[in-house]
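The block underneath contains the structure these notes are about, expressed in structure tokens.
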Amino acid sequence: MLDATEFGDAVAMLYEAAAVPEVWPGAITRLADIAGCTGGLLFAHSGQGTNWVASKEFAPVFDRFMQQGWMNRNARMAGLLAHGGTGFVTDHDLFTDAELEQTPLYTDFLRPEGYGWGTATHVRSSSGDDIVFTLERKFEMGPVSRREIALLDGVRPHLARAAVLASKLQMQRAQASLASFEQAGSPAALIGAGKGVLAANASFEKLEGQIAIRAWDKIAIDDERADMLLQKALSELARDQLGDTRSIPVPRRDDRPAFVIHVLPIRRQAQDIFSRAQAMLVVTTSERSLQIEASLLCELYDLTKAEAAIAAGLLEGLTGEELALSRGVNRETVRSQIKQVLAKTGCRSQADFIRRLAPLASTK
């Protein structure tokens, strides 16, 4: 029987994971232990794709699951969604023994991997994502028992709240980023993996006419050539490629001035499955340049505070030696930080970095 201390620790880890994504693997392992399972995973599935995080032991298995295309023929998930229950369900809640023997997910994947028994629950987030939590057990250990399901059902309300809270926190952070650009006088929008606009600030919405939001919130530029470049840049990001097309000129139209759209890739933390944004679009004009604070650089490119300071110094034209002197560190430390900045921003050299980000830095 689960004692009060074990229950409290498991619940505390769930709420911690909602704010600190790196905690999810440990929280999943804790719940797997409670249910006598080997490991498990949490994934958020939407029309834009699937983000997932797993316990350390089960992560390689689920990686193979995704690579082999089982998500698109996941009979267990289809059964879970059709079941419509509010608690944890087992394989026997979804299939008879005869059906299990004829279901490819079990016969061709789970059992060959040494698994085949598990339990799962489903939460629908406010953003429309299907959030699924599943725990997996080795086949020789037999099905998950009703007693273990009862224990998990006691934790489930906290799991659901933690997952929804994590999703809301991500949107709040996104809105804060857009507000920062709005205060700097620059239009900005967040773009999801499917090229849809997730959110935009008021200045961006005023660009209607030159920028269009089409069916399914897909973004497009009225100018054909500029739109081709934008779609190319977003497609490259969807394939985890960082192409050269990152600043796109948009010609003036009627009485509207010309401007430049900068495509800034957003690199989410490794365990952060609730981040739906792929890129931020920021608009600048020849009349006004953008000031990017160090905190925003950290958020956009996952830079540390020290790396953001180095990035700002490079944009000011400081050399490595000058940066080392101004920060009171040795040149090797600065050299290492510059390498990290280039890697995280997808730039090949300092010159490439300055060329790509200079349009976003304020002039003094």
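The table for this structure:
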read-out	value
Solvent-accessible area per residue, Å², over region 75-137 with all protein chains present [probe radius 1.4 Å]	39 Å²
Chain lengthening between Thr333 and Lys138 when straightened (0.36 nm per residue, less Cα-Cα)	65.5 nm
Region 149-225 - Debye-derived log10 I(q)/I(0), Cα point model, q = 0.13, 0.19 Å⁻¹	-0.54, -0.85
Length gained when the stretch Asp130-Ala78 is fully extended (0.36 nm per residue, less Cα-Cα span)	17.6 nm
Stokes-Einstein D (µm²/s) once Rh is taken as the Kirkwood radius of region 1-139 over alpha-carbon pairs, at 25 °C in 0.890 mPa s	157 µm²/s
Accessible-area ranking of Ser349, Ser55, largest first, probe 1.4 Å	Ser349, Ser55
Dipole of region 97-250, positive direction: furthest Cα of Ile221, Ala176, Ala200, with charges on the beta-carbon	Ala176
Ranked order, Val250, Val197 - accessible area, probe 1.4 Å, largest first	Val197, Val250
Accessible carbon and sulfur surface of region 48-118 relative to its total accessible area, %, 1.4 Å	49 percent
Area accessible to solvent at Arg335, 1.4 Å probe radius, in Å²	110 Å²
Exposure of Met13 as accessible area (Å², to 10), given a probe of 1.4 Å and all protein chains	40 Å²
Calculated SAXS-style log₁₀ I(q)/I(0) at q = 0.10, 0.12 Å⁻¹ - region 74-220, Debye, Cα scatterers	-0.54, -0.68
Solvent-accessible ranking of Glu6, Glu113, Glu148, Glu205, largest area first, probe 1.4 Å	Glu205, Glu6, Glu113, Glu148
Two-site FRET efficiency, His92 against Leu165, from Cβ-Cβ distance with R₀ of 51 Å, rounded to 0.05	0.95
Accessible surface of Cys298 - all protein chains present, 1.4 Å probe, nearest 10 Å²	30 Å²
Charged-residue dipole, Cβ positions (Lys, Arg, Asp, Glu), region 1-107 about Cα centre, Debye nearest 20	420 debye
At 1.567 mPa s and 4 °C, Stokes diffusion of region 81-138 via Kirkwood alpha-carbon radius, µm² per second	104 µm²/s
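The values are calculated or read from the model by the stated rules, or taken from the named source; none is laboratory data. Please read all numbers here as calculations on a predicted model, not as lab measurements. Counting neighbours? That spans all protein chains shown, and the Cβs are built from the backbone with ideal geometry, glycine included. Keep in mind that these areas ignore ligands, DNA and RNA; they rest on the heavy atoms of the full protein, side chains included. Shrake-Rupley method; radii C 1.70, N 1.55, O 1.52, S 1.80 Å.
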